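Take a look at the structure set out below.
The values are calculated or read from the model by the stated rules, or taken from the named source; none is laboratory data. Computed from a predicted model, the values in this text were never measured in an experiment. Don't worry about glycine lacking a Cβ; one is built from the backbone with ideal geometry, like all the others, and counts go over all protein chains shown. SASA here: full protein model, heavy atoms, side chains in, ligands and nucleic acids out. Shrake-Rupley method; radii C 1.70, N 1.55, O 1.52, S 1.80 Å.
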Amino acid sequence: MAHSTGLVQAILFEVVDRDNIGGSAYGGQRSICCTPDLAKLEGCKQGEVIRRPSSDDPDWPFVLDTHFSANHLSVKLEDEPVRITKTGMYNLFFISCDPKLRGLTMSGKTIWKNPGGYLPGRMAPLMKFYVLMSLAYLLVMIVWFSQYVRFWRDILPIQNWITLIIALGLFEMTLWYFEYLNFNSSGVRPVGITTWVVTVGAIRKTVSRLLILSISMGYGVVRPTLGGLTSKVLLLGLTYFLASELLDIAENVGTINDISGKARLFLVLPDAFLDAFLILWIFTSLSRTLEKLQARRSSVKLDIYRKFTNALAVSVIASVAWIGYEVYFKATDPFSERWQSAWIITAFWDVLAFVLLLVICYLWAPSQSSQRYAYSGEAADDDDEESQSLTKGDGEVGMVKIDKDRNAGVSSAFGLEDEAEEDKRE
């Protein structure tokens with residue numbers, strides 16, 4: 001019962017000291033375990049992990065040995081608190097160099113705590129970020145809702161959806177903060193709470209994309225409804241919600257570390273494909289809507305849609321550029337040495353969505369003239385613009401009336417042509 005029949009070693013080390021673990025004989029393949037050749041070269045003990053003391057602290061990397069005794073098939077690793085005094089990214093490996101222990105299995109848990117709580121260092125800044133985002137959404141909600149109440153008689157359907165997205169954004173950012181606060185204080189991520197937060201986020205992203213798509217199609221501006229496209233838009237929204245929900249659940253629910261590359265790739269691809277399809281559909285619809293507005297000479301609406309198109313184009317370019325930077329960031333940092341700035345990767349997408357929402361709020365802000373931008377008041381608006389530009393005095397009233405009638409005829413002709421085109425398309 002006294003002699004050891006197997007050794008398992010727990011190795012705790014900072015990433016910058018990773019070269020102090022293992023070695024290679026005569027420039028060959030690097031080995032973590034001490035071989036007969038390495039025992040001669042390195043002076044290590046055969047059958048154990050090769051460890052060289054750190055230049056900053058000779059006690060690091062930290063090694064904890066656990067031995068099997070006699071013919072026992074299990075052994076308990078005693079609780080061992082380890083105090084870390086230097087800020088950095090730390091790894092914990094459980095290694096067995098004994099070939100007799102092939103097929104060894106382990107169960108248990110490790111508890112990591114920073115001075116500020118249980119949140120990992122790369123996640124801790126996000127808690128403050130979500131506080132700031134919650135305050136930003138709250139400010140937008142106050143300004144938007146005050147205008148919404150003030151001009152409630154002139155509210156458009158699009159503005160109702162914008163109100164919903166602002167509320168969802170505020171709710172999501174607040175939930176993320178409390179989820180991180182709970183994680184920081186307890187050290188665990190309850191499945192129920194995290195699933196609820198992720199679901200709210202997936203709903204917000206889905207509704208936001210459907211709103212942008214509907215605006216691009218001219219919903220409420222050049223067409224009263226989406227017509228036969230409604231079912232297709234809803235089907236796309238449902239598909240996107242499911243893809244986004246699955247990806248976010250895999251990344252956040254019950255997990256702390258990043259999921260494996262293959263699993264993430266399997267879940268990211270459907271989400272990325274749907275986003276690309278949405279972008280293509282959005283810009284195709286925007287092109288048709290701009291053509292209709294140019295044909296109808298609706299200068300005010302055309303100006304709004306041009307600004308909206310420019311904002312979307314900038315956001316798409318920024319997204320593509322950031323994806324490239326994210327790939328570069330992760331490819332050049334395999335050991336997570338830039339962990340202190342890793343939170344920016346996640347935060348960027350929330351900031352981009354918020355900025356785009358601000359642009360939409362600015363372009364479609366509730367006002368006493370909101371109905372001028374609606375589909376039902378389109379002919380009247382064109383007439384008002386025409387009359388304001390042509391009326392100069394009492395002697396020209398008859399000329400104005402003739403031009404108005406002529407303009408109405410042109411508008412109706414364009415309306416019939418557009419309806420025919422929409423029927424063919426649908």
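When you look at K307, is it modelled with pLDDT of 90 or more, of a type outside the set (G, A, S) and over 20 Å from the mean Cα position of the chain (by Cα), yes or no?
Numbers: modelled with pLDDT of 90 or more: yes; of a type outside the set (G, A, S): yes; over 20 Å from the mean Cα position of the chain (by Cα): yes.
Yes; evaluated as a whole, the condition is true for this residue.
Suppose the filter is open to solvent by less than 60 Å² (accessible area, probe 1.4 Å), assigned by the TED database to the domain that holds L211 and in a helix (DSSP H, G or I); does A353 pass it? Lay out the reasoning, then the answer.
On the way: open to solvent by less than 60 Å² (accessible area, probe 1.4 Å): yes; assigned by the TED database to the domain that holds L211: yes; in a helix (DSSP H, G or I): yes.
So A353 fits the description; yes.
Applying the selection to region 269-311, what residues are among the charged types (D, E, K, R) and either out of contact with any Phe, Trp or Tyr (no Cβ under 9 Å at 6 or more places or on another chain) or open to solvent by 60 Å² or more (accessible area, probe 1.4 Å) (or both)? Even if it seems obvious, please write down each step before you answer.
So in region 269-311, the residues among the charged types (D, E, K, R) come out as 271, 275, 288, 291-292, 296-297, 301, 303, 306-307.
Scanning region 269-311 gives R288, E291, R297, D303, R306, K307.
Table: residues versus (1) touching a residue at least 60 places away in the same chain (Cβ under 8 Å); (2) surrounded by 15 or more Cβ atoms within 10 Å (Cβ to Cβ); (3) closer than 30 Å to V222 by Cβ.
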residue: M133; (1), (2), (3): yes, yes, no
residue: S146; (1), (2), (3): no, no, yes
residue: I155; (1), (2), (3): yes, yes, yes
residue: S186; (1), (2), (3): yes, no, no
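Just one of (1) modelled with pLDDT of 95 or more; (2) more than 30 Å from T110 (Cα to Cα) trips up L156, so point out which.
(1) is the only condition that L156 fails.
Test K262 against the stated conditions and say whether it is open to solvent by 20 Å² or more (accessible area, probe 1.4 Å), basic (K, R) and modelled with pLDDT under 85.
Values: open to solvent by 20 Å² or more (accessible area, probe 1.4 Å): yes; basic (K, R): yes; modelled with pLDDT under 85: yes.
Judged against the criteria, K262 is a match.
From the list K113, K109, K40, which one is among the charged types (D, E, K, R), farther than 30 Å from A347 by Cα and out of contact with any strand residue (DSSP E or B) (no Cβ under 8 Å at 6 or more places or on another chain)? Talk me through it step by step, then tell me what you get.
Working: K113 fails: farther than 30 Å from A347 by Cα; K109 fails: farther than 30 Å from A347 by Cα.
Matching residue, one of K113, K109, K40: K40.
Where residues in region 52-64 are of a type outside the set (A, V, I, L, M, F, W, C) and either touching a strand residue (DSSP E or B) at 6+ places or on another chain (Cβ under 6 Å) or more than 8 Å from N20 (Cβ to Cβ) (or both), which of them is surrounded by the most Cβ atoms within 10 Å (Cβ to Cβ)?
Looking only at region 52-64, we keep the residues that are of a type outside the set (A, V, I, L, M, F, W, C), and these are 52-59, 61.
Cutting the leftovers down to either touching a strand residue (DSSP E or B) at 6+ places or on another chain (Cβ under 6 Å) or more than 8 Å from N20 (Cβ to Cβ) (or both) gives us 55-59, 61.
Working: S55: 10, D56: 10, D57: 13, P58: 8, D59: 8, P61: 21.
If we take residues in region 52-64 being of a type outside the set (A, V, I, L, M, F, W, C) and either touching a strand residue (DSSP E or B) at 6+ places or on another chain (Cβ under 6 Å) or more than 8 Å from N20 (Cβ to Cβ) (or both), then P61 is surrounded by the most Cβ atoms within 10 Å (Cβ to Cβ).
Looking only at region 273-304, which residues are aromatic (F, W, Y) and over 19 Å from the mean Cα position of the chain (by Cα)?
Kept after step one, since they are aromatic (F, W, Y), are these residues of region 273-304: 273, 277, 281, 283.
Once the filter is applied, which keeps residues that are aromatic (F, W, Y) and over 19 Å from the mean Cα position of the chain (by Cα), region 273-304 yields W281, F283.
Conditions tested, residue by residue: (1) assigned to a loop (DSSP other than H, G, I, E, B); (2) of a type outside the set (S, T, N, Q); (3) without any contact (Cβ under 8 Å) to a residue 12 or more places away in the chain; (4) outside the structural domain of R153 (by the TED database).
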position	(1), (2), (3), (4)
F308	no, yes, no, no
L312	no, yes, no, no
S319	no, no, no, no
V327	no, yes, yes, no
A347	no, yes, no, no
L358	no, yes, no, no
C361	no, yes, no, no
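Out of T206, T199, T194, report the one residue that is within 16 Å of the chain's Cα centre (by Cα) and either in a loop (DSSP other than H, G, I, E, B) or over 28 Å from V359 (Cβ atoms) (or both). Can you show your working first?
Numbers: T206 fails: either in a loop (DSSP other than H, G, I, E, B) or over 28 Å from V359 (Cβ atoms) (or both); T199 fails: either in a loop (DSSP other than H, G, I, E, B) or over 28 Å from V359 (Cβ atoms) (or both).
Every option except T194 fails the conditions.
Any idea which residue in region 312-336 is modelled with the highest pLDDT, counting only those that are open to solvent by 90 Å² or more (accessible area, probe 1.4 Å) and not hydrophobic (A, V, I, L, M, F, W, C)?
Here the residue is Y325.
Does I158 count as among the hydrophobic types (A, V, I, L, M, F, W, C) and closer than 30 Å to C33 by Cα? Step through it out loud before you land on a result.
Numbers: among the hydrophobic types (A, V, I, L, M, F, W, C): yes; closer than 30 Å to C33 by Cα: no.
Judged against the criteria, I158 is not a match.
Being out of contact with any Phe, Trp or Tyr (no Cβ under 6 Å at 6 or more places or on another chain), under 30 Å from T87 (Cα atoms), at pLDDT 80 or above and surrounded by 13 or more Cβ atoms within 10 Å (Cβ to Cβ) is true for just one of C44, C33. Which residue is that? Steps first, please.
On the way: C44 fails: at pLDDT 80 or above.
One residue alone meets the criteria, C33.
I want to confirm something. Restricting to region 91-123 and keeping residues that are open to solvent by less than 40 Å² (accessible area, probe 1.4 Å) and either of a type in the set (A, V, I, L, M) or in a helix (DSSP H, G or I) (or both), which single residue is modelled with the lowest pLDDT?
The qualifying residue modelled with the lowest pLDDT is L101.
Condition (residue is modelled with pLDDT of 85 or more, farther than 25 Å from L119 by Cα and among the aliphatic types (A, V, I, L, M)) applied to region 226-234: is it met by at least one residue?
Start the filter on region 226-234 by keeping residues that are modelled with pLDDT of 85 or more, which leaves 231-234.
Still in the list and also farther than 25 Å from L119 by Cα: 231-234.
Retained after the next criterion (residues that are among the aliphatic types (A, V, I, L, M)): 233-234.
There is at least one residue in region 226-234 that is modelled with pLDDT of 85 or more, farther than 25 Å from L119 by Cα and among the aliphatic types (A, V, I, L, M).
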